[in-house]
Amino acid sequence: MPKTMTGYSSIQIGLHWAVVVLVAFQYVAHNGIEAAWRALERDELPPAEGAALTNLHIASGMLVLLLALTRIGLRMTRGAPPPPSDEPRLLQLFAEVVHVAIYALLLLLPLSGLIAWFLAVPSAGSIHVLMTNALLVAIVLHVAGALFQHFVRRSDVLMRMLRPKPDDPAAVSQTEYQ
Ligand code: HEM
Ligand code: HEM
């Protein structure tokens, strides 16, 4: 069972923001792989000028898979801070559902992409595109939630994804009182 933490570690925070940058890149720079995929569907060679972007989409997507697995591992061993104690139960549940959906999509998106590309499975490509839309919806809800926590509920939820807390709460109070 994961421990109850008072905050995220610097590694958890670093991984969160690294994945944000990589995922943003996937949405902004997908033209290369899309053109290549269309060409392959027509049994043509992918256009040479899009090769670098295509390879970056694949590499960045595989990195997301690796980092997501690391994050899930850390969450299961180190744990995560609990929601603010005064947060309505329904809101806590909603945030949890969105987090689980995001984690699932961070694994399934690269996997479906890899299956489509390397095993030449067209349906996996269609599922990949559908899941890119599902992830976008989840991210919009997630970001809205983070901003709602910060500006409306005025909780520490946004700040704890920016400021790390060491593992051992006892060590924190010791250093604070030194
Ligand atoms: C979290 C990781 C990933 C994200 C967020 C992502 C995102 C995207 C996006 C936004 C598109 C354009 C969808 C559209 O046409 O509207 C796309 C297309 C595509 N991606 Fe990924 N991708 C990821 C990982 C991968 C990986 C690892 C591969 C492996 C090769 C891959 C292969 C493809 C292919 C083949 C397409 C073209 C599919 C089509 O247009 O029908 N993706 N991806
Ligand atoms: C690609 C975009 C994003 C993805 C995939 C993503 C993913 C995640 C995931 C999976 C968690 C759960 C961490 C855990 O407890 O295990 C999380 C937490 C968090 N994210 Fe994001 N996030 C994204 C963008 C953002 C943005 C733009 C913000 C700020 C506006 C943000 C703020 C937060 C905050 C404050 C938490 C902590 C929530 C809590 O402690 O209950 N995220 N994020």
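Laboratory data are not the source of any read-out in this text; all were calculated from the coordinates shown. Everything quoted here is computed from the prediction, not taken from an experiment. Every residue, glycine among them, receives a Cβ derived from its backbone with ideal geometry; neighbour counts consider all protein chains shown.
Within region 91-114, is even one residue acidic (Asp, Glu) and in a helix (DSSP H, G or I)?
Yes, region 91-114 contains at least one residue that is acidic (Asp, Glu) and in a helix (DSSP H, G or I).
Based on this model, can you work out whether Ser60 counts as hydroxyl-bearing (Ser, Thr, Tyr) and away from ligand 1 (no atom under 11 Å from the Cβ)?
no
Could you please tell me which pairs satisfy a Cβ distance under 6 Å, a separation of 6+ or placement on different chains, a first residue in region 134-157 that is within 25 Å of Thr6 (Cβ to Cβ), and a second residue that is among the β-branched types (Val, Ile, Thr) and more than 15 Å from ligand 1 (Cβ to nearest atom)?
Once the first residue is within 25 Å of Thr6 (Cβ to Cβ) and sits in region 134-157, its partners that are among the β-branched types (Val, Ile, Thr) and more than 15 Å from ligand 1 (Cβ to nearest atom) give His142/Val98; Gln149/Val157.
Examine region 31-40 for a residue that is assigned to a helix (DSSP H, G or I), loosely packed, with under 15 Cβ neighbours inside 10 Å and over 22 Å from the mean Cα position of the chain (by Cα), and state whether such a residue exists.
Yes, region 31-40 contains at least one residue that is assigned to a helix (DSSP H, G or I), loosely packed, with under 15 Cβ neighbours inside 10 Å and over 22 Å from the mean Cα position of the chain (by Cα).
Cβ-Cβ distance below 8 Å, separation of 6 or more or different chains: which pairs start in region 42-71 with a residue that is within 16 Å of ligand 2 (Cβ to nearest atom) and end on one that is aromatic (Phe, Trp, Tyr) and not in a loop (DSSP other than H, G, I, E, B)?
So the pair list comes out as Ser60/Phe25; Ala68/Tyr103; Arg71/Tyr103.
Conditions first: (1) under 18 Å from the mean Cα position of the chain (by Cα); (2) in a helix (DSSP H, G or I). Val157 passes all but one, so which condition is the exception?
(2)
So Leu45 passes all but one of these: (1) surrounded by 11 or more Cβ atoms within 10 Å (Cβ to Cβ); (2) part of a loop (DSSP other than H, G, I, E, B). Which condition number does it fail?
Unmet for Leu45, out of (1) surrounded by 11 or more Cβ atoms within 10 Å (Cβ to Cβ); (2) part of a loop (DSSP other than H, G, I, E, B): (1).
Considering region 117-140 alone, what residues qualify as being under 18 Å from Val19 (Cβ atoms) and either in contact with a strand residue (DSSP E or B) (Cβ under 9 Å, 6 or more places away or on another chain) or surrounded by fewer than 15 Cβ atoms within 10 Å (Cβ to Cβ) (or both)?
Leu136, Val137, Val140
Just checking, does region 80-93 include any residue being of a type in the set (Lys, Arg) and surrounded by 13 or more Cβ atoms within 10 Å (Cβ to Cβ)?
No, region 80-93 contains no residue that is of a type in the set (Lys, Arg) and surrounded by 13 or more Cβ atoms within 10 Å (Cβ to Cβ).
How about region 47-92: which of its residues are touching a Gly at 6+ places or on another chain (Cβ under 6 Å), within 24 Å of Leu141 (Cα to Cα) and among the small types (Gly, Ala, Ser)?
Gly61
Are any residues in region 119-154 part of a helix (DSSP H, G or I), under 21 Å from Met62 (Cβ atoms), more than 7 Å from ligand 1 (Cβ to nearest atom) and hydrophobic (A, V, I, L, M, F, W, C), and if so, which ones?
Within region 119-154, Ala124, Ile127, Leu130, Met131, Ala134, Leu136, Ala138, Ile139 qualify.
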